[in-house]
């Protein structure tokens with residue numbers, strides 16, 4: 001595999017040509033499902049400047065030649081996708097989902113005899129969603145004899161998975177965690193000047209992390225799930241991709257299980273074996 005020529009200054013004011021933007025946009029959408037319209041050209045340039053420095057590419061043109069003509073794509077794909085993915089996340093984001101989970105879904109599943117609950121955070125980003133899920137599930141398990149659970153957290157980006165697995169967050173990010181759950185599941189450093197906190201090891205042990213691309217034809221995630229969260233990622237997909245992802249997710253959901261999508265997302269026009277039970281919450285029939 002040939003390497004691009006080393007340079008450390010040419011990329012500062014360089015711009016992506018329309019031809020190379022089109023090549024990158026087609027690859028990114030084909031690989032990750034993320035739409036890359038012309039309005040995102042400046043954003044893409046900003047995100048990829050670090051990759052130019054890391055690879056030593058003299059310009060966007062030489063970086064794209066390295067990817068598409070010199071055999072660099074295989075080694076660079078993960079880094080490219082890490083650079084362009086958006087990873088906004090918060091603890092207890094869209095809190096009504098977690099209220100409904102605690103007040104309605106979990107009591108209903110327990111009443112049906114579910115004792116080993118499996119939950120999947122399918123676009124987990126830096127980990128706020130799966131740890132929030134684990135907090136709610138653990139709190140319920142404490143009050144429900146014999147109830148156990150496991151949370152699988154997956155994402156396309158290796159960078160965010162490494163961050164999520166560490167379980168370290170800035171204080172302001174965990175601020176939405178209710179006080180009772182904060183005391184139990186969030187460990188604060190002795191040094192009060194430090195701005196980071198850590199998720200308690202007992203809770204981290206209940207969450208497993210793995211890389212998974214929602215664009216894959218099948219999802220090797222083990223037994224079907226009682227809960228699947230796929231929130232605020234489908235907004236980056238076109239309609240056919242949304243439909244395909246939703247159908248595959250429902251294929252990994254148990255009968256009677258629940259699918260949670262983002263408040264700005266919809267399943268309208270997609271033939272799925274689910275009924276809506278609350279705003280952006282669906283149950284498999």
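The values are calculated or read from the model by the stated rules, or taken from the named source; none is laboratory data. Please read all numbers here as calculations on a predicted model, not as lab measurements. Note that each Cβ is placed from the backbone with ideal geometry, even for glycine, and that neighbours are counted across all protein chains shown.
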Exercise. Within the stretch 251-277, track down each residue that is touching a helix residue (DSSP H, G or I) at 6+ places or on another chain (Cβ under 8 Å), crowded, with 16+ Cβ neighbours inside 10 Å and in a strand (DSSP E or B).
Key: 258, 259, 260, 261, 274
Practice problem: Just need a number here: residues in the stretch 141-188 that are over 21 Å from residue 227 (Cβ atoms), over 19 Å from the mean Cα position of the chain (by Cα) and loosely packed, with under 14 Cβ neighbours inside 10 Å. | Solution: 7
Quiz item: Which of the residues that make up the stretch 201-215 are part of a loop (DSSP other than H, G, I, E, B) and under 18 Å from residue 119 (Cβ atoms)?
Solution: 205, 206, 212, 214
Quiz item: Does the stretch 75-98 hold any residues that are touching a residue at least 60 places away in the same chain (Cβ under 8 Å) and over 30 Å from residue 279 (Cβ atoms), and which are they?
Solution: 75, 78, 81, 82
Quiz item: What are the residues in the stretch 198-216 that are surrounded by fewer than 19 Cβ atoms within 10 Å (Cβ to Cβ) and more than 18 Å from the chain's Cα centre (by Cα), if any?
Solution: 198, 200, 201, 202, 205
Quiz prompt | Pick from the stretch 11-33, criterion at pLDDT below 90 and surrounded by 15 or more Cβ atoms within 10 Å (Cβ to Cβ), ranking: nearest to residue 74 (Cα to Cα) | solution = 11
